[in-house]
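Remarks on the structure that follows.
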Amino acid sequence: MRYVTIDDYYDVDFYNETLQALKNNDVRFAQYIMTIAPYHFVIEIFREPIMVNYDTLPNNKLQYLINVVEPATPRDDYLLQRRGSFEGIKALKQYGLNDPLREAEKSDYACFFHLKNRAEGVELSKTLGKIYFFGTYIKNTHVALCTNKMIKNFVPDQILVEKSKSVIDMETELNYKYFRLQNRLRKFTNTPYFDNGIFYNVKIKQFEFNI
């Protein structure tokens, strides 16, 4: 696999056309954005992109890649299309964060923690309020997001990472220190959550399993 960026050679319109061509030709790829300057978009591809100019991302920069937000519906695919009006740090905040993470960014406290099962989410939300569920990853880890500091009184041993400077740093730390880059947090335009003892699910493939 290769991690490549074409941002230094082409404009946003060409970038979007490139992604569409990959989809049209059933080429397997993944899309990321760097959390450090110059905040380039990076494509993980499993063949050499010989038809375009590109730079290969060095291994020591892989820890600074996060997934871009993915569409939960076909309509969201258009809304998430990259636009020239969002560049640099603006692009990172626009395409790297979904609504739950934006809420967490504004909160005084936030953490990712391992949610054991649905029943635990229901019970915790009765006291802690809204808890977002981000799916299952390596080691069968069910990643959830909480912005209530009281969670440390309930499941201290299940907290994976806490926000220090920003949620972007928190996500980067989760990917690198806990997942060891074997997984990266996936984010969608719609996210399942627990609130006041009720689980609100969403119908996207990432969450088609029982928790």
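Here, each number is a calculation from the coordinates, and none is a lab measurement. Given the structure is predicted, the values throughout are model-derived calculations rather than measurements. All Cβ positions, even for glycine, are placed from backbone atoms using ideal geometry, and neighbour counts span all protein chains on display.
Loop sites only, by DSSP: take the chymotrypsin sites (Phe, Trp or Tyr not before Pro) in the chain that have at most 13 other C-beta atoms within 10 Å and name the longest stretch containing none of them.
No qualifying site falls inside 47-208, the longest such stretch.
What size of dipole, in debye to the nearest 20, comes out for the range 2-95 about its Cα centre when the only charges are +1 on Lys and Arg C-beta atoms and -1 on Asp and Glu C-beta atoms? Don't skip to the answer; put the middle values down first.
Values: 10 positive and 13 negative charges, 50 e Å.
So the dipole magnitude of the range 2-95 works out to roughly 240 debye.
Please compute the net charge surrounding residue 130, taking Lys and Arg as +1 and Asp and Glu as -1 over other residues with Cβ under 10 Å from its Cβ.
-2
Roughly how large, in nm² to one decimal, is the mean projection of the convex hull of the alpha-carbon atoms in the chain?
11.9 nm²
Show that you can apply the helix-only estimate: for the chain, add -39,500 (n - 2.57) for every DSSP H stretch of four or more residues, divide by all residues, and state [θ] at 222 nm to the nearest 500.
-7000 deg cm²/dmol
Loop only by DSSP, 15 or fewer other Cβ within 10 Å of the Cβ. Give me the trypsin sites (Lys or Arg not before Pro) in the range 1-88 that pass, ordered by residue number.
28, 47, 83
Compute, for the chain, the length of the dipole vector about the Cα centre, with Cβ point charges of +1 (Lys, Arg) and -1 (Asp, Glu) only. Units Debye, rounded to 20.
Dipole magnitude for the chain comes out near 580 debye.
Could you let me know the centre-to-centre spacing of the range 1-63 and the range 163-203, using Cα atoms, in angstrom?
Distance between centres, Cα-based: 23 Å.
Among DSSP bridges having both ends in the chain, what percentage is antiparallel? Round to the nearest 5.
Bridges in the chain are about 95 percent antiparallel.
Which of 3, 112, 30 sits farthest toward the positive end of the charge dipole of the chain, with +1 on the Cβ of Lys and Arg and -1 on the Cβ of Asp and Glu?
The residue sitting farthest along the positive end of the dipole is 112.
Helix 118-128 against the longest principal axis of the chain: what's the angle in degrees, Cα atoms only, rounded to the nearest 10?
With rounding to tens, the tilt is 70 degrees.
Under the Karplus relation 6.51 cos²θ - 1.76 cosθ + 1.60, θ = phi - 60°, what is the ordered set of whole-Hz ³J(HN,Hα) values for the range 28-42, x standing for Gly and Pro?
Whole-Hz 3J(HN,Hα) from phi for the range 28-42: 6, 7, 9, 10, 10, 9, 7, 8, 10, 4, x, 6, 5, 7, 10.
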